[in-house]
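Single-structure report; data block below.
The values are calculated or read from the model by the stated rules, or taken from the named source; none is laboratory data. Computed from a predicted model, the values in this text were never measured in an experiment. For neighbour counting, all protein chains shown are included, and Cβ atoms are generated from backbone atoms with ideal geometry for every residue, glycine included.
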C-alpha cells in the first residue's frame, strides 16, 4: 500500500519549531481542579451535540463550545486563529493540504497519548488513519473516522424495476444507461462543478487502469503524461460523451445538486464514498437526509466498486484514509483539558458515537453499527466497507495544493470539452514539476 509522507516547505518547519516552543509555556494554564472552557472549531463535526453531551457528562468541569464554519471560511479563519490567543483549543483537519499547512501549529500527540492510552496506543488505530495525519514524521492529529472513495451508490429499486444489474465496466454501464434514459431516468448523477468529486472519480479510473501509479506521479516519480494517465483521462471524457453522466453536470454541484437528484430517484447512481453510507443506509441518517429533499426518500441504496473503464479490468480498490481528524493547538493554554477531549473524540466515547451513526471508526476494535440499517441487505454492504478500509490502494487527498488545483482544472476542462485529455495532462505535469516536495 502506498503511504503518503507529508512534507512541507522550510518555512513551515520553522513555524513548527516555534509552535513546539509554545507548548512549554504553562504559566497561564488553569489549575488542575478549576473549571475549564474549551473552544472546538470545525466544519462538519459528526453528531457534535451528542459528543459534547457525553464528554461533559464524564468531565463535568470541562465545558466545550463548538464553532462551525463553512469549509472555505474555516480554512481562511484557521491560520489567524491558531496564531493568536483567540483561536481554538481543538481543531479539525483533514489529510493533505490542511495537515501540511496547519500541522506545524498543532501539538504533536505521541508523548501525551502514550501516557494516557499506553505505549501501544498506535496499534489501536487504523494505520492509514495515523500515517495521513502526520507532518514531518510527527503525529499532529488523530483520526475521527475512516472513509474511502472508489464507490458508486445505486438505487436497487430503480435497477430492479427495469431488470438491470450493477455494471462492472463501462461497456455494461453504457447499456444500463441507455435503458434508464429510455425510461426518463438519469444514470450517474454528478456535480462536475466540484473539483473534489471529479478528482475522486479520476482516482477511481487510474487506480483501475494502473493500481497505485498515481501516487508515484503525486510524488514526482513518474509523469502525468504517461499512457496510463491518458487512458484514464480519456475514460473521464467518455463518462460525459457517452451519456453516463448527463448534460448539465458541469454546472451542478455534488452537494446538494447531484445528491438531491440521486435521493429523489431521478438518477440510479452517484459516485461518492463511504461517508455517504449514513445518509443512504441508516434510518437516523435518512431522517436528516429527508430534510434536504422535497420528495419522500423511498429508494433502497447500496454500494459497489466504481466500474472499470476497460472491459475485463478489475475496478479500483478503495482509496482513502481518515475522513478528518482533530488536533490540539500549540497556542492553547488548556492543553490538559484539550487532550482529554481529543482522546474522547478519537479513542474514547466519540468512536462509539461514530460507529452508532454508520461511520467507520478509526479504532479498529470498534465495529461500525448495523442495527440502524433500513434494509437487512445493507448489513453486509456496510461491514464490507469496513473490511475494505483495511486494504486501501492509497490516499484520496493530494498533499500539494498547486497540484490539486491543476488536476481539478484539467478535469473541468476535459469535462467541458475545452481541452483534450492529452493537453490537460500536460498542464498537470507542468504543475507537478513546479511542486516543492
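Numerical summary
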read-out: Sole residue being over 25 Å from residue 416 (Cβ atoms) and not assigned by TED's automatic domain parsing to the domain that holds residue 329, chosen from 166, 185, 140, 197; value: 166
read-out: Subset of segment 282-307 [more than 19 Å from residue 188 (Cβ to Cβ) and touching a residue at least 40 places away in the same chain (Cβ under 8 Å)]; value: 282, 283, 284, 285, 286, 298
read-out: Filter result (under 30 Å from residue 300 (Cβ atoms) and in contact with a helix residue (DSSP H, G or I) (Cβ under 7 Å, 6 or more places away or on another chain)) within segment 390-406; value: 392, 393, 396
read-out: Residue in segment 177-191 that is in contact with a helix residue (DSSP H, G or I) (Cβ under 9 Å, 6 or more places away or on another chain), without any contact (Cβ under 8 Å) to a residue 40 or more places away in the chain and not in a helix (DSSP H, G or I) present; value: yes
read-out: Residue in segment 337-356 that is assigned to a loop (DSSP other than H, G, I, E, B) and touching a residue at least 24 places away in the same chain (Cβ under 8 Å) present; value: no
read-out: Inter-residue pairs, beta-carbon under 6 Å, first under 24 Å from residue 420 (Cβ atoms) and in segment 207-226, second modelled with pLDDT under 95 and buried (at least 18 other Cβ atoms within 10 Å of the Cβ), 6+ apart; value: 218/398
read-out: Scan of segment 207-235 for residues that are surrounded by 24 or more Cβ atoms within 10 Å (Cβ to Cβ) and either touching a strand residue (DSSP E or B) at 6+ places or on another chain (Cβ under 9 Å) or under 15 Å from residue 306 (Cβ atoms) (or both), ordered by number; value: 207, 208, 214, 232
read-out: Members of segment 397-418 that are modelled with pLDDT of 95 or more and in contact with a strand residue (DSSP E or B) (Cβ under 9 Å, 6 or more places away or on another chain); value: 411, 412, 415, 416
read-out: Only one of 423, 372, 409, 391 that is surrounded by fewer than 19 Cβ atoms within 10 Å (Cβ to Cβ) and farther than 23 Å from residue 209 by Cβ; value: 372
read-out: Which listed residue is under 20 Å from residue 95 (Cβ atoms) and modelled with pLDDT under 85, from 11, 5; value: 5
read-out: Odd one out for residue 42 among (1) surrounded by 15 or more Cβ atoms within 10 Å (Cβ to Cβ); (2) modelled with pLDDT under 95; value: (2)
read-out: Selected residue (criterion: nearest to residue 379 (Cα to Cα)) from residues of segment 286-302 that are touching a helix residue (DSSP H, G or I) at 6+ places or on another chain (Cβ under 6 Å) and not in a loop (DSSP other than H, G, I, E, B); value: 302
read-out: Residue check for residue 150: touching a residue at least 60 places away in the same chain (Cβ under 8 Å), farther than 30 Å from residue 89 by Cα and touching a helix residue (DSSP H, G or I) at 6+ places or on another chain (Cβ under 6 Å); value: yes
read-out: Flag if residue 369 is modelled with pLDDT under 95 and outside any helix (DSSP H, G or I); value: yes
read-out: Flag if residue 274 is under 22 Å from residue 391 (Cα atoms), under 20 Å from the mean Cα position of the chain (by Cα) and in contact (Cβ under 8 Å) with a residue 40 or more places away in the chain; value: yes
read-out: Residue among 392, 425 that alone is part of a helix (DSSP H, G or I) and either outside the structural domain of residue 279 (by TED's automatic domain parsing) or within 19 Å of residue 224 (Cβ to Cβ) (or both); value: 425
